[in-house]
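Working notes, beginning with the structure itself.
The values are calculated or read from the model by the stated rules, or taken from the named source; none is laboratory data. Computed from a predicted structure; not experimentally measured. Here the Cβ positions follow ideal geometry from the backbone for every residue, glycine too, while neighbour counts run over all protein chains shown. Ligands, DNA and RNA are excluded from the accessible area calculation, which covers all protein heavy atoms including side chains. Shrake-Rupley method; radii C 1.70, N 1.55, O 1.52, S 1.80 Å.
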Amino acid sequence: MKTISIFRMLAAGMLFSVCSVSLSAQETPEFTPYYKYRVALKDKKHNPFSVRHPEAFLSQRAIERRERQGLSIKKTDLPLTPKYVEEVLATGVKYVEASKWNNTLVVSTTDTSLIEKVRALDCVASARKVATYTRPARENQRDRHSLVNKKAQPVIAEAPQQPQPEELKPDTLILDFNKKSIEDDITKLVSFVNAYNARHAQSRPLTPVQMVEKEYNHYGDAKDQIEQLNGVALHNAGFTGEGMVIAIIDGGFYNADIIPGLKGAKILGTRDFVNPSPTSDIYNKQDHGMMVLSCIGANEPGKLVGTAPGASFWLLRSEDGDSEQLIEEDNWAAAIEYADSVGADVVNTSLGYNDFDNDIDDVKYYELNGHTQLISVSASLCAEKGIVLVNSAGNSGNDAWKLITSPADAEDVLTIGAVKKTGAIAEFSSLGNTTDGRIKPDVVARGYNAALYGDDGEVTAASGTSFASPITCGMVTCLWQALPQLKAKQIVELVRKVGDRAEHPDNVFGYGIPDYYKAYRLGLQMK
């Protein structure tokens with residue numbers, strides 16, 4: 001079961017189509033079932049690419065990220081051997097996608113007998129069916145412009161209020177520290193504080209800092225979830241994600257391009273690994289990825305501000321809401337490698353798998369070791385490539401499964417559980433540990449009634465580790481911006497170390513709720 005699910009209905013946004021042509025019942029052509037197979041290649045011999053020339057297959061930013069952390073280019077970074085790929089395709093199957101980290105190739109065919117020819121090739125180790133399609137993919141019928149076409153609500157007349165005398169007006173102050181005229185705001189603040197304290201001489205006077213806290217909430221509804229992680233202090237130190245690149249791997253980013261509070265988000269690019277057609281529009285798929293993005297990149301002061309509003313983003317779609325098949329692990333593997341190749345520093349993925357449409361593919365408890373499922377193998381390689389991967393733990397705490405899902409079991413990643421405003425665990429948050437004894441989840445963050453944008457651009461609340469993960473991802477990004485000398489694995493370990501349960505971690509809270517400003521101060525002492 002995918003842990004993309006949250007506690008409100010998303011069905012309207014979980015459908016997609018590879019064809020937008022409208023046909024009547026009489027004109028609808030007969031659908032030919034087709035299949036996708038994961039072909040594992042034996043090696044990377046006869047490969048024209050070399051680890052000595054990574055510029056041929058990695059971006060300069062990806063190369064520099066490795067160099068900065070003292071990481072070498074490895075054989076897993078090399079593309080698949082072209083000669084082997086040509087031999088596989090010569091059997092008549094069609095190319096879908098590939099994973100260089102896993103040395104696998106995904107192909108499609110309507111004739112399963114061709115797979116025996118594939119298996120017979122000397123370069124092929126195995127071929128496993130990962131998807132069966134017996135009907136056309138379903139189109140997402142949601143109104144793309146629902147955000148701007150909302151019907152006006154009737155205005156309810158109210159009785160006119162009498163103007164109050166000057167001395168009885170409520171204590172209000174509106175400041176905008178994003179303006180250039182900081183001096184004017186400071187003058188305004190000091191005057192207001194003096195007037196306030198003179199008016200309330202009988203009570204305890206407020207300092208200017210307390211006044212700003214009382215009268216001006218920069219973070220809007222996200223304030224509590226950021227304060228819980230001591231993120232405000234890190235932001236105030238000047239670290240909001242500038243210069244850092246985050247990739248979000250999800251199922252769709254409905255309306256993310258037109259929601260006002262996301263207009264300022266620096267989107268570097270998008271890519272659809274479910275339907276790579278040039279006509280595919282990830283902004284017209286399910287809205288889960290958009291909500292995840294809003295937890296990090298929203299920047300609407302006084303309404304909603306994310307945990308890393310200064311960061312830049314790649315939006316990548318790997319989750320197919322129309323089915324639950326192993327191919328989604330291959331899509332994810334292709335997406336994480338793409339994120340690596342374009343130089344992402346941090347990746348958020350609020351996805352997880354354990355229950356598939358084909359029961360034989362279901363993940364078993366003993367397989368939660370970080371090295372069995374293809375998606376977990378890829379995730380476990382991220383830190384080796386210099387990437388910090390932040391992943392939701394899953395929402396199975398109340399289910400029969402109860403445990404984390406793949407790739408939350410991966411090594412050297414931050415797996416995030418969900419807590420409430422009070423710090424109590426959210427009952428749905430999936431439990432650890434991994435079957436090889438590693439602590440999971442790693443840490444926790446607000447995932448119960450987390451503040452984020454709905455698809456209409458209004459602030460709402462939703463629950464799930466899906467949102468605890470991006471809230472954490474943004475803070476991790478700011479922390480790494482502040483401590484660029486550290487390696488990915490060091491950042492992961494530092495976050496664990498500053499959890500409020502670090503001395504006694506468990507399989508519910510992991511290392512607990514991290515203090516990111518404490519992590520910053522501690523990280524300054526590290527090399």
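Things worth noting here:
- Sole residue being open to solvent by less than 10 Å² (accessible area, probe 1.4 Å) and modelled with pLDDT of 95 or more, chosen from Phe239, Phe273, Phe253: Phe253
- If you go through the range 313-359 and keep only what is among the β-branched types (Val, Ile, Thr), within 26 Å of Asn433 (Cβ to Cβ) and either touching a Cys at 6+ places or on another chain (Cβ under 8 Å) or assigned to a helix (DSSP H, G or I) (or both), you end up with Ile336, Val346, Val347.
- Meets criteria (of a type in the set (Asp, Glu), under 28 Å from Pro136 (Cβ atoms) and surrounded by 24 or more Cβ atoms within 10 Å (Cβ to Cβ)) for Glu324: no
- For the range 271-290, a tally of residues being closer than 24 Å to Ala468 by Cβ and within 15 Å of the chain's Cα centre (by Cα) returns 6.
- Scope the range 426-471; condition within 18 Å of Leu293 (Cα to Cα) and assigned to a loop (DSSP other than H, G, I, E, B); matching residues: Gly447, Tyr448, Asn449, Gly454, Asp455, Asp456, Gly457, Glu458, Ser463, Gly464
- Extreme residue, farthest from Ile491 (Cα to Cα), among residues of the range 56-88 that are open to solvent by less than 30 Å² (accessible area, probe 1.4 Å) and among the β-branched types (Val, Ile, Thr): Val88
- Taking the range 372-400 as the range and being farther than 28 Å from Leu293 by Cα and at pLDDT below 95 as the test, only Ala400 passes.
- Among the conditions (1) open to solvent by 30 Å² or more (accessible area, probe 1.4 Å); (2) at negative phi, Asp412 misses just one, which is (2).
- Selection over the range 363-398 of residues that are part of a loop (DSSP other than H, G, I, E, B), open to solvent by less than 10 Å² (accessible area, probe 1.4 Å) and among the charged types (D, E, K, R) gives a count of 0.
- Here the range 35-74 is the region considered, the condition is being of a type in the set (Ser, Thr, Tyr) and not in a loop (DSSP other than H, G, I, E, B), and the residue that is nearest to Leu374 (Cα to Cα) is Tyr37.
To keep it simple, each residue is scored yes or no on (1) under 25 Å from Asp357 (Cα atoms); (2) modelled with pLDDT under 95.
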| position | (1), (2) |
| --- | --- |
| Thr81 | no, no |
| Lys117 | no, no |
| Thr132 | yes, no |
| Pro136 | yes, yes |
| Asn140 | yes, yes |
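- Only a single criterion out of (1) out of contact with any Asp or Glu (no Cβ under 9 Å at 6 or more places or on another chain); (2) modelled with pLDDT of 85 or more is not satisfied by Phe57, namely (1).
- Residue pairs whose Cβ atoms lie under 6 Å apart, sitting 6 or more positions apart in sequence or on different chains, and linking a residue in the range 339-355 that is open to solvent by less than 10 Å² (accessible area, probe 1.4 Å) to a partner that is assigned to a helix (DSSP H, G or I) and among the polar types (S, T, N, Q), are Val346/Thr477; Asn348/Ser469; Ser350/Ser466; Ser350/Ser469.
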